[in-house]
Amino acid sequence: MAKKVKTKQLGKGLGALLSGINPNLDQQNKEEVVKELSNTIAEIPVESIEVNPYQPRVEFDPDALAELSASLRVHGLIQPITVRRMAEGQYQLISGERRLRASKMAGLGTVPAYIRLANDQEMLEMALVENIQREQLNAIEVAHTYQRLIEECSLTHESLAKRVGKSRTLVTNFLRLLKLAPDIKKALQSKEITKGHAMALAQVDDIAVQLSILQHIKNLRLSVRATEAMVKRSQEDNPEKEAKTKEKLPTDYQMVQNKLRKDLGAKVELKLKKAGKGQIILPFSSTDDLNRLLDLLEQQ
C-alpha cells in the first residue's frame, strides 16, 4: 500500500497570517508570504473550495474519474491541489479540478492543498500554465489554452513559449490547429486522427483541401508521413504556371481539374487540345504513392 504524504500543519504564525491577509501588501512582503506558502501543504475541507472559473479543461473522462475516485478511497489524495484564499475559510481552485472532482466522488472530507496568493490575472495564468503541462489535455484544448494566455494575459508567442517550456515554433503550430475545419477538430478530439495528422493539415489554407485529405486519412488509414506528403503535393503548384493554365482552360475544365486535385490529393493537370481532345496528367512520387492513387481510382 502506498504511503500517504504527511500533511504539514499550519503553524500559529502562518495561520494568523492567512486569516489576516491584506490584499494591499507591498510586493516584498507578498513575495515572502508566497515563498512561505509554496512549501506548505494544508488540509482543506472539500466544501470550502469553489470551482475555478478559469479552468481551461472542459472535458473529463467519466471512467477515468471513477477509477481515480476508487483509488482515492483507498490511498487518499497523494498529489496536493493548488488554491488561493478568498476569505476566512473560503478558497478558490487554481489547478487540480480532476483531483478535486474525484475526491468529492470518493467522499473525502478534506484534501491536501498548496495555498497561494494571486489576483485574477495571476490566477488565470497560473491555472492555464499548470494545466497545460498535463497529458490529459487534448491538442485542441492545448491550442485554446495557448490562445487564452495570449489574449487574456497579453503574452507574445515568444513569452508564451518560455512560460510553458516549449519552443516558439511548437506554440505557433498548436495555434494553427484553431484554424482547422470543425470536422477536423472533431476528428482529432475523438482520436480518429492524431495530433501529427492535424499539424500536417493545419499547413493547408484551403478548407476544401483539408477536408479532402481528411477523408483520405480515414479511408486509407494514412500515416502522418503519408499525410505530410499529400499536403506537400497539394502546395506544390506554381502560382505563375497555375495562372497561365487557368487562362488557357475554360472555366468548366478548370473546375474539373480542381476537383481531381482535391479528390486525389495530387497535382493533376488537364491539357486541352483542339476538337475537344486532351490529356489528364496524374503524377506520382513513388510506388506507394501510385498504389494510393490506384486505390482511390478504384473507389470512384
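Please determine whether any residue of the range 172-183 is farther than 30 Å from LEU220 by Cα and of a type in the set (A, V, I, L, M).
No, there is no match, as no residue in the range 172-183 is farther than 30 Å from LEU220 by Cα and of a type in the set (A, V, I, L, M).
One residue is enough: does the range 230-244 have a residue meeting the conditions touching a Gly at 6+ places or on another chain (Cβ under 8 Å) and either farther than 24 Å from ASP183 by Cβ or at pLDDT 85 or above (or both)? Lay out the reasoning, then the answer.
Looking only at the range 230-244, we keep the residues that are touching a Gly at 6+ places or on another chain (Cβ under 8 Å), and these are 230, 233-234.
Next, from what is left, pick out any that are either farther than 24 Å from ASP183 by Cβ or at pLDDT 85 or above (or both): 230, 233.
Yes: one or more hits.
Return only the number of the condition from (1) more than 28 Å from HIS197 (Cβ to Cβ); (2) without any contact (Cβ under 8 Å) to a residue 60 or more places away in the chain that ILE78 does not satisfy.
Condition not satisfied by ILE78: (2).
Would you point out which residue out of ARG221, ARG225, ARG233 is surrounded by 14 or more Cβ atoms within 10 Å (Cβ to Cβ) and not assigned by TED's automatic domain parsing to the domain that holds LEU293? Spell out how you get there, then give the answer.
Numbers: ARG221 fails: surrounded by 14 or more Cβ atoms within 10 Å (Cβ to Cβ); ARG225 fails: surrounded by 14 or more Cβ atoms within 10 Å (Cβ to Cβ).
None of the others qualify; the one that does is ARG233.
The values are calculated or read from the model by the stated rules, or taken from the named source; none is laboratory data. What you are looking at is a predicted structure, and each value in this text was computed from that prediction instead of being measured. Please note: Cβ atoms are built from the backbone with ideal geometry, for glycine as well, and neighbour counts cover all protein chains shown.
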